[in-house]
């Protein structure tokens, strides 16, 4: 099978407009004859469910949390990009497109990224109309800031809680449709399987997390808006419940999984404090606008620091190494995330880390406070400083923050065409769950943009094209495929509960996380990846022999929920390693140590790897099949990223 | 640290429930409160006992999923969410009592997990601006004074955790409801449905079985996001002016 990305022909700037015109429409009176399932209620899911319901479709929305408002989009801090050019500083749709393609290290589709930049302006209008309280200037107009190394100010924000405000906006639109009877909500419900009939997605099987009931739902189309898979690393900035289960089970039903090795490691997180650590907390990237990153120049000084013999303030200026400013004089502390993260790892690997575990660098506000006053810094970052102090017990106004990179976002995901449809007809993936727009590295403030673009402004057009070709025949759950899937799900649950082994689910999850972090994290080698593959296989076998899941299915059972998720992570982890092994180049968030420039920068191989790696499931314990979608660049010239 | 936990265990909504004591050792002051419970659950699993169920998700103080009534206070001794509460707030040898939110409108599901769908239904009653996707004016078409936008933001930071209800002796949801009504009443986008919104949301709040407000201020004092009591005053004003002049409800 050749993957058809369905990219429209014609000039870049006209593709989306033309595509919208040539897409089939569903007659307004017929829309009510269609049912659409939306799994996940984050930015992508809530905006899609609300927008489709407004158009007249019947929507069923599912989330595993107790309310749609809890989805992890809520935790995004920094902001959302849009090419509004309100600041008159040279921004444009083309510039946002160009920055995103370049930032993604030329591993995304031009047409998708251009569309994303194009609809970005509508998102801001939509959110303001919903009552999202964005930051404003004294004149009453919207404020913008520069973010994540962008040379223009195009980021809209709501203090350090932009994701929260945008999600609550989408949640309010969703709530309105619930009240209108167009959306039926299923909270505390987890998707267990996608049901396909004659090759088309026709519904899902779910588990009611309160009663354990296994239920079936039929629809004309299924949208997976279930976020990323960063929790495969156990420790990440994702929420505890974030998981790959919906996407992975769709993958096993025939949806290709694309670029799984592209993971984003965020440079500014609070370091791990011990084995008890359950998650990592991000400190907004905006801190790098004023904070200076450094470690001691020598291992000896770092050792004294770790032993508590000296304090950070005792280290003289000449004994400090502001390594980002030294290596990248023009971007300094504002280099992209992957570059900042990797360099933190290097200095810590050299033995110059600054906390007890040796895995932390300083982010120092001393100079900014001296320059602008403590009050100014408090006004800018007060909530972040408070959060830091709450978690670490240290006062960052007096002593430098300690930070270390952590897994934050996954650019890979279900393969989708230009219409956001996966390789299973009628099954779509939106937001972080798909792979489409960020290439090998996502720019700051672009995740919120993509989630809302997909949900508000892309799927309402592209879904109609599929449904119109389908006819309005009702769907139901009587087809034998539903019963077959239910039996499979029940068998899996019985198997998990029946192992009655000796080790908890978390034991396996933590072990998997360590393997992934050590060998498939910030820097990868063929040797390490090969080792990891063997370790994951062994761990998976051990899991299915020795995991201990207490309780029953017919109750709220959080161990059972976790067991399902970790079982899927144990399969996904191996695919990530396969993908990282296959990609014999370095690009964006994927850094293979064998492939670097003499200066230690990522070395791409455009001749051999300018493609999307889409993996097809072949059966349990079988190697997956790699299918390549070539990336064609008609508008931008591929260059080596340089932030010197 | 060594601790004794007195945890509310309740198999399901029909079960009567009661406290069970668990001794716990080797707790680090750097742990978050929920990580301390993770340790307890690992130990219980090891022993073959059902782990303590509690709600949690983001563990960074923003999703509003975590709850817990700790030593008689929602989210414990600090004005923050339980996930952001750290064990350095406790002393070695402490006995810590952990209960679920207690309110008729938040029925217990299991152990420390409660059902807060009533909050969703209050929002569904009118906590939105009725605009469809597309066809909206440019974002900068209506300037909003910074002070107004900031005040609306302060109300909008509510995370919907339910601590206000748990803190209130009447189990009132006035702070939660008023935060949304305030946010939208202050912004130009919320004007069209302003009266109807106040009436409908308050009607829903009452229908859910939340109690009345007697102005003790416990809700705001315990709110992890510091939502101000001013919002309740504003909601009352919105409500009275709505019922005096509108034809709804």
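The values are calculated or read from the model by the stated rules, or taken from the named source; none is laboratory data. Note that the coordinates shown come from a computational prediction; the quantities given were computed from them, not determined experimentally. Cβ atoms come from the backbone with ideal geometry, glycine included; neighbour counts cover every protein chain shown.
Couple of notes before you dig in:
- Qualifying residues in the stretch A:620-644 (those that are out of contact with any helix residue (DSSP H, G or I) (no Cβ under 9 Å at 6 or more places or on another chain) and farther than 20 Å from residue A:436 by Cα) - the one surrounded by the fewest Cβ atoms within 10 Å (Cβ to Cβ): A:622
- Residue selected from the stretch A:143-156 under the condition surrounded by fewer than 24 Cβ atoms within 10 Å (Cβ to Cβ) and touching a strand residue (DSSP E or B) at 6+ places or on another chain (Cβ under 6 Å), by the criterion nearest to the other protein chains (Cβ to nearest Cβ): A:143
- Only listed residue being within 13 Å of chain B (Cβ to nearest Cβ), assigned to a helix (DSSP H, G or I) and farther than 30 Å from residue A:213 by Cα, chosen from A:20, A:84: A:20
- Residue that is farthest from the other protein chains (Cβ to nearest Cβ) [pool: residues in the stretch A:116-126 that are under 13 Å from residue A:455 (Cα atoms) and either under 22 Å from the mean Cα position of the chain (by Cα) or surrounded by fewer than 24 Cβ atoms within 10 Å (Cβ to Cβ) (or both)]: A:116
- Meets criteria (in a helix (DSSP H, G or I), more than 27 Å from residue B:60 (Cβ to Cβ) and more than 9 Å from chain A (Cβ to nearest Cβ)) for residue B:202: yes
- Any hit, the stretch A:189-196, residues being surrounded by fewer than 21 Cβ atoms within 10 Å (Cβ to Cβ) and either within 11 Å of another protein chain (Cβ to nearest Cβ) or over 30 Å from residue B:120 (Cα atoms) (or both): no
- Each residue in the stretch B:38-71 was checked for being assigned to a loop (DSSP other than H, G, I, E, B), in contact with a strand residue (DSSP E or B) (Cβ under 7 Å, 6 or more places away or on another chain) and more than 7 Å from chain A (Cβ to nearest Cβ), and 5 of them qualify.
- Checked against (1) over 30 Å from residue A:218 (Cβ atoms); (2) out of contact with any strand residue (DSSP E or B) (no Cβ under 7 Å at 6 or more places or on another chain); (3) assigned to a helix (DSSP H, G or I), residue A:120 meets all criteria but (2).
- Restricting the stretch A:219-237 to residues that are closer than 17 Å to residue A:269 by Cβ and in contact with a strand residue (DSSP E or B) (Cβ under 8 Å, 6 or more places away or on another chain) leaves a set whose member that is surrounded by the fewest Cβ atoms within 10 Å (Cβ to Cβ) is A:235.
- Residue check, residue A:111 out of contact with any strand residue (DSSP E or B) (no Cβ under 6 Å at 6 or more places or on another chain), more than 7 Å from chain B (Cβ to nearest Cβ) and assigned to a loop (DSSP other than H, G, I, E, B): no
- Taken together, the criteria exclude residue A:96 from residues that are in contact (Cβ under 8 Å) with a residue 60 or more places away in the chain and not in a loop (DSSP other than H, G, I, E, B).
Residues checked against (1) within 14 Å of chain B (Cβ to nearest Cβ); (2) in a loop (DSSP other than H, G, I, E, B); (3) at pLDDT 95 or above; (4) surrounded by fewer than 16 Cβ atoms within 10 Å (Cβ to Cβ):
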residue	(1), (2), (3), (4)
A:2	no, yes, no, yes
A:15	no, no, yes, no
A:32	no, no, yes, yes
A:46	yes, no, yes, no
A:49	yes, no, yes, no
A:54	yes, no, yes, no
A:60	no, no, yes, no
A:102	no, no, no, no
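- Residue in the stretch B:183-196 that is in the same structural domain as residue B:156 (by TED's automatic domain parsing), closer than 17 Å to residue A:175 by Cα and within 20 Å of the chain's Cα centre (by Cα) present: yes
- With respect to the stated conditions, residue A:268 is in contact (Cβ under 8 Å) with a residue 12 or more places away in the chain, buried (at least 23 other Cβ atoms within 10 Å of the Cβ) and not in a loop (DSSP other than H, G, I, E, B).
- Whichever residue in the stretch B:1-37 is at the interface with chain A (Cβ under 10 Å from one of its Cβ atoms) and either more than 23 Å from residue B:72 (Cβ to Cβ) or part of a strand (DSSP E or B) (or both) and, among such residues, is farthest from the chain's Cα centre (by Cα): B:26
- Candidate set from the stretch A:275-288 (those that are in a helix (DSSP H, G or I) and over 14 Å from residue A:385 (Cβ atoms)); member that is nearest to the other protein chains (Cβ to nearest Cβ): A:285
- Enumerated helices (runs of 4 or more DSSP H) restricted to the stretch B:96-180, each holding at least 2 residues that are in the same structural domain as residue B:233 (by TED's automatic domain parsing), crowded, with 21+ Cβ neighbours inside 10 Å and over 13 Å from the mean Cα position of the chain (by Cα): B:117-124, B:146-156
- Per-region count, the stretch A:609-644, residues more than 20 Å from residue A:411 (Cβ to Cβ) and free of Cβ contacts under 8 Å to residues at least 60 places away in the same chain: 9
- Identity of the residue in the stretch A:363-401, out of contact with any helix residue (DSSP H, G or I) (no Cβ under 8 Å at 6 or more places or on another chain) and within 14 Å of chain B (Cβ to nearest Cβ), that ends up surrounded by the most Cβ atoms within 10 Å (Cβ to Cβ): A:388
- Residue match in the stretch A:292-306 (condition: part of a loop (DSSP other than H, G, I, E, B), on the phi < 0 side of the Ramachandran plot and crowded, with 21+ Cβ neighbours inside 10 Å): no
- Residue count, the stretch B:83-104 (criterion: touching a helix residue (DSSP H, G or I) at 6+ places or on another chain (Cβ under 6 Å), within 14 Å of another protein chain (Cβ to nearest Cβ) and over 23 Å from residue B:30 (Cβ atoms)): 1
- If you go through the stretch A:328-362 and pick out every residue that is crowded, with 19+ Cβ neighbours inside 10 Å, without any contact (Cβ under 8 Å) to a residue 60 or more places away in the chain and more than 25 Å from the chain's Cα centre (by Cα), you end up with 5.
- Single match in B:212, B:139, B:166, B:152 (criterion: over 30 Å from residue A:125 (Cα atoms) and free of Cβ contacts under 8 Å to residues at least 60 places away in the same chain): B:212
- Meets criteria (farther than 22 Å from residue B:62 by Cα, within 14 Å of chain B (Cβ to nearest Cβ) and either surrounded by fewer than 22 Cβ atoms within 10 Å (Cβ to Cβ) or out of contact with any strand residue (DSSP E or B) (no Cβ under 6 Å at 6 or more places or on another chain) (or both)) for residue A:168: no
- Which numbered condition residue A:66 misses (of (1) more than 9 Å from chain B (Cβ to nearest Cβ); (2) in a loop (DSSP other than H, G, I, E, B); (3) crowded, with 23+ Cβ neighbours inside 10 Å): (1)
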